[in-house]
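**Q** Let me give you the structure first, and then I'll get to my questions.
The values are calculated or read from the model by the stated rules, or taken from the named source; none is laboratory data. As the structure is a prediction and not an experimental result, all values here were calculated from the model. Here Cβ is always computed from backbone atoms with ideal geometry, including for glycine, and neighbour counts include all displayed protein chains.
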Amino acid sequence: MSKYENITKPKFWICRPYEGPEEFEFDLVSIIFSDKVERFICKSNIVPHDYIPKIVYTIDEMTGFCCEVGSYKKENGEYTFMP
């Protein structure tokens with residue numbers, strides 16, 4: 001059992017072309033960023049990659065909630081954190 005298994009997953013409304021708005025729940029995946037710090041980003045097997053929010057999270061160990069700390073960009077396979 002992962003220590004992050006009970007974390008509340010983020011939900012976002014996504015408006016896909018020709019389909020209209022729909023709310024999706026995203027998984028959080030651990031990424032090691034270019035500054036060598038582990039943070040979390042949203043992932044989905046349903047939502048197209050271009051529509052996934054580029055939000056970076058950390059996990060508050062005391063409360064179990066994910067905290068938004070910035071955004072990211074991905075270039076040449078490397079994730080760069082932008083506070």
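**Q** Filtering segment 30-42 down to residues that are of a type outside the set (S, T, N, Q) and within 10 Å of the chain's Cα centre (by Cα), which residue is surrounded by the fewest Cβ atoms within 10 Å (Cβ to Cβ)?
**A** The selected residue is 31.
**Q** Something else now. Can you say whether residue 34 is at pLDDT 90 or above and of a type in the set (Ser, Thr, Tyr), as far as the supplied structure shows?
**A** Taking the combined requirement at face value, the residue satisfies it.
**Q** Give the residue that is nearest to residue 11 (Cα to Cα), with candidates limited to residues of segment 31-42 that are assigned to a strand (DSSP E or B) and of a type in the set (Val, Ile, Thr).
**A** Of everything passing the filter in segment 31-42, 41 is nearest to residue 11 (Cα to Cα).
**Q** Using beta carbons and a limit of 8 Å, which pairs, at least six apart or on different chains, have the first residue in segment 14-29 and outside any loop (DSSP other than H, G, I, E, B) and the second one surrounded by 10 or more Cβ atoms within 10 Å (Cβ to Cβ) and among the small types (Gly, Ala, Ser)?
**A** Filtered contacts from segment 14-29: 24/44; 27/44.
**Q** Restricting to segment 45-68, give me the number of residues that are modelled with pLDDT of 85 or more and either β-branched (Val, Ile, Thr) or touching a strand residue (DSSP E or B) at 6+ places or on another chain (Cβ under 9 Å) (or both).
**A** Qualifying residue count for the region: 13.
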